1. Identify all lysines with a Cα-Cα distance to residue 7 below 20 Å; exclude those on the same chain that are fewer than 8 residues away in sequence.
2. What relative contact order, as a whole-number percentage, does the chain give when Cα pairs under 8 Å and 6 or more residues apart are counted?
3. Ignoring everything but the protein chains, give the 1.4 Å probe accessible area of residue 90 in square angstrom, nearest 10.
4. Projected area of the chain, taken from the Cα convex hull and averaged over every viewing direction, in nm²?
5. If you wrap a convex hull around the C-alpha atoms of the range 47-170 and split its volume per residue, what is the figure in Å³?
6. In vacuum, with every alpha carbon of the range 113-165 counted as one equal point scatterer, what does the Debye formula give for log10 I(q)/I(0) at q = 0.16 Å⁻¹? Two decimals, please.
7. Could you work out the helix-only [θ] at 222 nm for the chain, with each DSSP H run of four or more residues adding -39,500 (n - 2.57) and the total divided by the number of residues, to the nearest 500 deg cm²/dmol?
8. Ignoring the sites themselves, what is the longest stretch of the chain with no GluC sites (Glu not before Pro) in a DSSP loop and at most 10 other beta-carbon atoms within 10 Å?
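The values are calculated or read from the model by the stated rules, or taken from the named source; none is laboratory data. On a predicted model such as this, the values are computed, not experimentally measured, just so you know. Quick reminder, even Gly has a Cβ in these numbers, built from the backbone with ideal geometry, and neighbours come from all protein chains shown. Keep in mind that these areas ignore ligands, DNA and RNA; they rest on the heavy atoms of the full protein, side chains included. Shrake-Rupley method; radii C 1.70, N 1.55, O 1.52, S 1.80 Å.
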Amino acid sequence: MTLQLHKRNCNEQNEVIITTATSTAIHLNHHHFAKDFLQQNQLIQQIRTGRGEVFFFNLENTQCVLRHYRRGGLVAKLSDDKFLWKNIESTRVYKELKLLQTMQKNALPVPMPIAGRVIQRGIFYTADIITQAIPNTQELHAYLQNQKLHESLWEDIGYMVKRMHNLNICHDDLNVKNVLINDTDQVFLIDFDKCYVRKDGDWKKQNISRFRRSIDKHHDRLGSSYQFAKSDWDSFLLGYSQKV
């Protein structure tokens, strides 16, 4: 699976569209990265807000998700969406698309990569990514606020993380909002911005500890209404301990 680059020059800036076989099949082009175009053509079905707006739209019977890359933390006060340009392979969107391709090839439950866009102007660039939406899902965080998760699902989540770690993929933001569960009790991982392949090491334990901290944070805030118990974590660890 390769990524194709399509360059356009306009208004003193360089635009590169990064495409996959999927984006070609659904006839996606540079217009689909523009909010105004999606609205004018009545393609947007849903808008979610967080650090920025995320747009869900349908193209050729394919449910797509458009996300603009934004910075977090203190640096966002200086520039919330501009990144230092080096080359196309070093951009966050190119790296995320490649990583998603690798995980899809290894049958990990992650979004299908569709396309990306990089706009370079001077020493900076901005970027957007389009992936295929995972239908009929909700965040683990939302799930735990309404009902208790069955122990087998906790095991599935642990096993999913173990499979990712076996490929030496580090998810630096592993938390309860980046785990999705669909209406047939399948689990998925999302949001692989700034995630990467690295050598084996203690970072795997740190990933797991971060995930546990995200659970504890919400449990401490919401109290008993947050459906999590020590036995749930034992089930997660049991799933993680299974051989892949």
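1. Leaving aside lysines fewer than 8 places away in the same chain, those within reach of residue 7 are 82, 86, 95, 98.
2. 18
3. Probe radius 1.4 Å; accessible area of residue 90 about 40 Å².
4. With every direction weighted equally, the projected area is 14.5 nm².
5. Values: hull volume 19.1 nm³, N = 124.
Value for the range 47-170: 154 Å³ per residue.
6. Cα-only, vacuum Debye calculation for the range 113-165: -0.75.
7. Value at 222 nm, helices only: -9500 deg cm²/dmol.
8. Longest stretch, sites excluded: 61-244.
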